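Down below is the structure, laid out as structure tokens.
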């Protein structure tokens, strides 16, 4: 019997060149919220597992990653020693490089370790967004993404919702 098909799929998805990329809607800009509650990686100092929920808020440009490949890519972190902060940065950097979104925000809500909660957050906005004219249809998607980000922060950080 050969290797485990799940491990082979995760290994392949670790390289974004293997992702299945789909076209984003052309006529309608969208704000996407995606949640992955089973993210794991290894602490680079102790090799103990770290667990997090990944929250993604994106406004795609022309491309989106097929969901199975996104899930498998997140699973590819599970045996990698990487800090909380670098994992968040890698997710944003990879999205920006591979998918060229208008906007991406990642929040990683890690399970407390040693009674300390860590929640890295990184945001990337493509420079083209700064040049939008008022009334551009993309502005509405960006406003929606900002609204989702604020509500997410309120919920994860336990702040009262206005």
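Consider region 16-29 and keep the residues that are surrounded by 14 or more Cβ atoms within 10 Å (Cβ to Cβ) and touching a helix residue (DSSP H, G or I) at 6+ places or on another chain (Cβ under 6 Å). The one that is nearest to residue 155 (Cα to Cα) is 29.
Scan region 8-24 for residues that are in contact with a strand residue (DSSP E or B) (Cβ under 6 Å, 6 or more places away or on another chain) and part of a loop (DSSP other than H, G, I, E, B) and report the count. Qualifying residue count for the region: 2.
Tell me which residues, restricted to region 124-162, are part of a loop (DSSP other than H, G, I, E, B) and within 17 Å of the chain's Cα centre (by Cα).
Selection gives 126 alone.
Against the conditions (1) assigned to a helix (DSSP H, G or I); (2) under 30 Å from residue 140 (Cβ atoms), residue 57 satisfies every one except (1).
A quick yes/no check of all residues on (1) farther than 30 Å from residue 138 by Cα; (2) at pLDDT below 95:
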position	(1), (2)
5	yes, yes
19	no, no
51	yes, no
85	no, no
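Can you tell me which residues in region 63-105 are assigned to a helix (DSSP H, G or I), in contact (Cβ under 8 Å) with a residue 60 or more places away in the chain, within 24 Å of residue 118 (Cα to Cα) and more than 11 Å from the chain's Cα centre (by Cα)? Answer for region 63-105, where residues must be assigned to a helix (DSSP H, G or I), in contact (Cβ under 8 Å) with a residue 60 or more places away in the chain, within 24 Å of residue 118 (Cα to Cα) and more than 11 Å from the chain's Cα centre (by Cα): 72, 75.
Residue by residue, here is whether (1) surrounded by 19 or more Cβ atoms within 10 Å (Cβ to Cβ); (2) closer than 19 Å to residue 19 by Cα; (3) in contact with a strand residue (DSSP E or B) (Cβ under 7 Å, 6 or more places away or on another chain) holds:
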| position | (1), (2), (3) |
| --- | --- |
| 36 | no, yes, yes |
| 53 | no, no, yes |
| 59 | yes, yes, yes |
| 67 | no, yes, no |
| 75 | yes, yes, no |
| 94 | no, yes, no |
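Selection of region 103-126 for residues being at pLDDT 95 or above and over 18 Å from residue 55 (Cβ atoms) yields only 126. Among the residues of region 115-146, the one identified as surrounded by fewer than 13 Cβ atoms within 10 Å (Cβ to Cβ) and touching a residue at least 60 places away in the same chain (Cβ under 8 Å) is 137. The criterion of being touching a strand residue (DSSP E or B) at 6+ places or on another chain (Cβ under 8 Å) and surrounded by fewer than 16 Cβ atoms within 10 Å (Cβ to Cβ) holds for residue 48.
Only residues that are surrounded by fewer than 21 Cβ atoms within 10 Å (Cβ to Cβ) and touching a strand residue (DSSP E or B) at 6+ places or on another chain (Cβ under 8 Å) were counted across region 97-112, and they come to 5.
Which one of these is closer than 28 Å to residue 151 by Cα and either in a strand (DSSP E or B) or at pLDDT 95 or above (or both): 35, 27?
35
The values are calculated or read from the model by the stated rules, or taken from the named source; none is laboratory data. Just so it is clear, the structure is predicted and the values come from calculations on it, not from any experiment. Glycine also receives a Cβ, built like all others from the backbone with ideal geometry; neighbour counts cover every protein chain displayed.
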